[in-house]
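Below is one structure, written out as structure tokens; the observations come after it.
What follows is calculated from the coordinates using simple rules that are stated; it is not laboratory data. Just so it is clear, the structure is predicted and the values come from calculations on it, not from any experiment. Here the Cβ positions follow ideal geometry from the backbone for every residue, glycine too, while neighbour counts run over all protein chains shown.
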Number of protein chains: 6
Amino acid sequence: MKLLLINPNTDASFTELIGREARKGVFPGTEILCESAPGAPRFIETHKDEVLCAPGMMALAEKYSDVDGVVIACTCDPNLDVLRELLDCPVVGAGESSMLLALTLGARFSVLQTSESSVQAKRELVGKYGLSSRCASVRPILEDEGANLEERLIAAGKKARDLDGAEVITLGCAGFSGLDSRLTEALGIPVVDGVLAGVKMAEALASRGFTTSRRGKYRGE
Amino acid sequence: MKLLLINPNTDASFTELIGREARKGVFPGTEILCESAPGAPRFIETHKDEVLCAPGMMALAEKYSDVDGVVIACTCDPNLDVLRELLDCPVVGAGESSMLLALTLGARFSVLQTSESSVQAKRELVGKYGLSSRCASVRPILEDEGANLEERLIAAGKKARDLDGAEVITLGCAGFSGLDSRLTEALGIPVVDGVLAGVKMAEALASRGFTTSRRGKYRGE
Amino acid sequence: MKLLLINPNTDASFTELIGREARKGVFPGTEILCESAPGAPRFIETHKDEVLCAPGMMALAEKYSDVDGVVIACTCDPNLDVLRELLDCPVVGAGESSMLLALTLGARFSVLQTSESSVQAKRELVGKYGLSSRCASVRPILEDEGANLEERLIAAGKKARDLDGAEVITLGCAGFSGLDSRLTEALGIPVVDGVLAGVKMAEALASRGFTTSRRGKYRGE
Amino acid sequence: MKLLLINPNTDASFTELIGREARKGVFPGTEILCESAPGAPRFIETHKDEVLCAPGMMALAEKYSDVDGVVIACTCDPNLDVLRELLDCPVVGAGESSMLLALTLGARFSVLQTSESSVQAKRELVGKYGLSSRCASVRPILEDEGANLEERLIAAGKKARDLDGAEVITLGCAGFSGLDSRLTEALGIPVVDGVLAGVKMAEALASRGFTTSRRGKYRGE
Amino acid sequence: MKLLLINPNTDASFTELIGREARKGVFPGTEILCESAPGAPRFIETHKDEVLCAPGMMALAEKYSDVDGVVIACTCDPNLDVLRELLDCPVVGAGESSMLLALTLGARFSVLQTSESSVQAKRELVGKYGLSSRCASVRPILEDEGANLEERLIAAGKKARDLDGAEVITLGCAGFSGLDSRLTEALGIPVVDGVLAGVKMAEALASRGFTTSRRGKYRGE
Amino acid sequence: MKLLLINPNTDASFTELIGREARKGVFPGTEILCESAPGAPRFIETHKDEVLCAPGMMALAEKYSDVDGVVIACTCDPNLDVLRELLDCPVVGAGESSMLLALTLGARFSVLQTSESSVQAKRELVGKYGLSSRCASVRPILEDEGANLEERLIAAGKKARDLDGAEVITLGCAGFSGLDSRLTEALGIPVVDGVLAGVKMAEALASRGFTTSRRGKYRGE
């Protein structure tokens, strides 16, 4: 099985990190292609960034039209609807996949975000998927609550667990990939990485030959 | 006051229709600019079309940076979030505006769509705005229920009114502009045209100097 | 266009304030009549007050039956349903209108109330309009959080913005009219005054000849 | 225990019917006072009727200030909030009570109304109580679906049961009192009369000395 | 009337307490049978405990098949669906009943739980009944917030009232029975005991001969 | 990886069918154990059946305590909460898993049930998972709409697709296993079998070493 991971931004270290982590957890026979969307913004932070990375993402989808599944390796799932519309093979988002796996591990999940400014967008994404009643909170990590990313994620995760009643944590940025195991240990509750979750969902769907519905939302042209 | 109406598609007859209807209902002193998004698809029907018309819409917003308000003259409100993020002046969508006005005229509204294939997308738009509990239904017009557009809209509107309990109708396509008065008369309940509603909301907001919030969702860069 | 503003209570300074503020933002040709409901309680604070001000409000509606629109200039929107039922011209509430405008300026709004005792009633009003998912919070101003009304509103608004994630503020009392500009500046997010919002919505609706639906909720006798 | 049943309208046959039915199902020691609200409209059908019957209802509450509980014997529960605010003893509505009992008898209930024009108001009442997810439908009886009231109620009840999935029926008009047993038999599912339900809830609350909360919604003056 | 109270656990002091409190508030002629489910776990704390006490509960239901109503005297309402399915007479849960009575006494209720670990289960129970929008919070009592159970309940109740906006409190454990009066006095808002509420609801339902619907959810075999 | 499939009922042909279908779609290295819950009812149709199959399910879980994941091979997901509480390895239900996969293939799914009597229970299961807004309908197959199971499923699926707007179908009975491919072809939209979906979700979760959260809902003893 061949899966295409699309990094919607053009930060090379991101692409490298994502590809490396994705390959760790795959089933025998799963091959991971991981590329950055050509012509996309350096980072995906605004609504404008999301539309500007669309052409590059579509170009990648066309270039690798023979893959068995596609993972959008960014937890805000930019242009997920566009790619589902264009492609027959399963397309999943890192954000969506991390929430779906989280639903099976505890009653309510919290999402940890890189900054306060991205909280509302993620809250709306959860709402778009119809999962708000299962979401305990969306919390930003805070600059002054730790010396490094890991410490800040632990601080935010503890608040989600103790103040918001989160039973599971999902990582709200693909750049947090690789920290899930240590965070799981530190927080004592499951922590789900979006990129890995996306790979697992894509494997699950592609191995059974599922294709996106052509009725209604993803009807295409 | 100067308002920019953006037709996200490049169908010239659409642009002409929209501009003409918009100018009918304005307050003294309101000037309407109406342009088509350069480089956009001929019609906006798919998720792909929505992202492909974004660059042209952004270009128009930049070109007319001195306007007092912007109306996206398409009831699926493509790239509303992007333009709100980019501009300080009020930006409204024809779809959103028609629903907001409808809320003041009756308990529940129904939206009439051009085709069955666009129903789910509009349903999700209503949900995105948090207005699902006020929406009686989203209904397509049907080819075989009338000899022309007006007859088909009346047929669909009657079903919305009698079967779904709609007390108000909103027109789910900018191409229906100009038919609202005759439909109001035929159906006996208020019918709200999206383009006109957008102009009225933009006038209301711009006349009081409101600007889009820069906290959270529309923070921009 | 002639608009009737009804102050449901009989506090003369309220009526004077509301009329003065309302006239500030109107379009050329809009004439504002502003009167207090005869025989109403001094202030509208309880459910009993709401029913007791109804006869006076209906009397005003009858007296000025030639107006083009009516604004209930109290943010708890007392007897809005009664007047919509009785009148053909558009009738809007200050509370409802402030929320509808707020929806176009940010993802979620908070309402500031005069006292803790009125919080639940406003929360239910938001729910009645079907807008709970767009409401970040309803917050009271607190006696000990400022030397005057303006300071207390700023204190409450900061909590709404920083703790509840409000992107827009609506003023939950007509008596706050006139403070919106200074609050907008102090808080850095849009602040919507209910009376002004009501006037703008009434202008928008009346200028296009909309009338309340006679199907279902507002069918009348 | 002394319970006051308030008929908000002034139809004497209604008052007589309600009083007679209410007395049938009480516990030993429960005394039923049943009076019509003085000065109220003949029937309660509009929002205007609801506010116009308020003074008479308040007068009755004052006149019988020594009762142990009050039942508003109209299933649209007019002025329930006003009386709860004014009185310390429990106040229940026939509509609310019938829904609460119904919740214990099946998963979802349907409400049968006298006419299509009252359907939306009842739907909103269900929503106000937060019970929409438990309500299968609100259905009107139809003139041409039976030779008399009982036949029409059976026809509407069958549709609720078979098309909407109702497991329980509540009667949406106090004028339907006395028909519950025969309807239960005809439909094969529980049918809850509002007046009786109100009496049972009032007995339950009053026998334990419960009083309405004075925090928040019913704080009074 | 004969009511069966089933204590799902086998703690004898619980059974004794529940039976004693239940008998205090009944109408003349109501006889209370109170027994512990044979073979059940000592306490009902986990999902496993809930299924393990089912056979004993069913055995009691069969043994006392002539009763007029059944109360499950545990606020997590274990196996309520099972008993409703098996029995024709009304079956109510202490948790459900306390919430239903609370709905008539204030706008929103909070539930007080014995421990943090049971909060999510109770939150889901509220959701199962469709009452989430009326629930201000579910709060645990805390070991270090009082010298005894009563003090801890008062501390938690004050937080629910002042921080969460609860207007009514329901007691989330049958073991809190008997404390309702003192808590009502201490908190100044109504406090509803589950066992008593269950008895009152069962009396109300049984006195009118209601039976559980056999359509849909409780169809049985 | 070793996965345990638990058939909660004791119908041997069911167990055989489930095991055979489950093995078809697994990744290399996945071993499927499939057993029937000892002492369980012949079929799982009532709430009583659900609690009566619990001991057998727990016994299987204990017997095969070394497996990497457990699938409850019944789409009403009986005792899912109990097993999640007891086991550290991932436990998934066939019903839940089919819905989660369906979420990635279209906007809204419908569930097809064996009979009308099971519709409400499945509707509540969807609600329990917080997925109601993504569910177009729960529909029973009807005896008179086809000569065999496949024809009836196609008839019900067409109604779900055309009348309810379903974009994806999930099979609401483990006994429908093996028909998914033919139904997908006949209906032209994706059809998700619960048993297969459960196996894929279990593989996904187990391959990454996820374990159920011990905070809150599944805390256990």
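Compared with the dominant Cα axis of chain F, that is its longest principal axis, helix F:149-162 is turned about 70°. Considering only A:34, A:18, A:1, and ranking their Cα positions along the charge dipole of region A:1-47 that arises from unit charges at the beta-carbon of Lys, Arg, Asp and Glu, the one farthest toward the positive end is A:1.
Ordering B:101, B:153, B:184 by Cα displacement along the dipole of region B:96-194 toward the positive end leaves B:101 in first place; charges were set at the Cβ atoms of Lys, Arg (+1) and Asp, Glu (-1).
Chain F residue nearest by beta-carbon to the axis mapping F to C, with distance in Å: F:133, 6.
Electrostatic bookkeeping for residue C:86 treats Lys and Arg as +1 and Asp and Glu as -1; over the other residues with beta carbon under 11 Å from its beta carbon, the sum is -3. Note on the protein assembly as shown: semi-axes of the ellipsoid equivalent to its C-alpha gyration tensor, largest first and rounded to whole Å, are 43, 43, 30.
Placing +1 on the Cβ of every Lys and Arg and -1 on the Cβ of every Asp and Glu, with no other charges, gives chain A a dipole of roughly 640 debye about its Cα centre. With 18 Å as the limit on Cα-Cα distance, the pairs of C:128/D:217; F:48/F:122; D:159/F:48; C:2/C:128; E:24/E:63 that go past it are D:159/F:48; C:2/C:128; E:24/E:63. When only alpha carbons are used to place a centre, region C:169-221 and region E:162-221 end up 41 Å from one another. Peptide A:75-87 has a mean shielding of 3, counted as Cβ atoms of other protein chains within 10 Å of each residue's Cβ. Model label points for residue C:147 and residue E:151, set 7 angstrom from Cα along the Cα-to-Cβ axis, are 4.3 nm apart.
Once Rg and the Kirkwood radius are both taken over the C-alpha atoms of chain F, their ratio Rg/Rh works out to 0.95. May I ask for the distance between the Cα centers of region B:9-66 and region F:119-155, given as a whole number of Å? Using only Cα atoms, the two centres lie 44 Å from each other.
Other residues lying with their Cβ under 14 Å from the Cβ of residue C:105 contribute a combined charge of +3, Lys and Arg counting +1, Asp and Glu -1.
Ranked by how many other Cβ atoms sit within 10 Å of their own Cβ, fewest first, the residues C:43, B:109 fall in the order C:43, B:109.
Each Lys and Arg adds +1 at its Cβ and each Asp and Glu adds -1 at its Cβ; summed about the Cα centre, the protein assembly as shown shows a dipole of about 0 debye.
Label points for residue C:181 are taken 7 Å from Cα along Cα→Cβ. From this copy to the others they lie 3.8, 6.2, 6.2, 7.2, 7.4 nm apart, shortest first. For chain F, the longest principal axis of the C-alpha atoms and the axis of helix F:119-128 are separated by about 50°. Remark: label point of residue D:43 defined 7 Å out from Cα along the Cα-Cβ vector; separations to the same position in other copies 4.1, 4.9, 4.9, 5.9, 6.6 nm, ascending.
Neighbours of residue B:206 by Cβ distance under 13 Å: Lys/Arg scored +1, Asp/Glu scored -1, total -2. Taking Cα centre as origin and charging only the Cβ of basic (Lys, Arg, +1) and acidic (Asp, Glu, -1) residues, the dipole magnitude of region A:96-194 rounds to 360 debye.
Label point of residue E:132 (7 Å along Cα→beta-carbon): distances to the other copies' equivalent points are 0.8, 1.0, 1.0, 1.1, 1.3 nm, sorted ascending.
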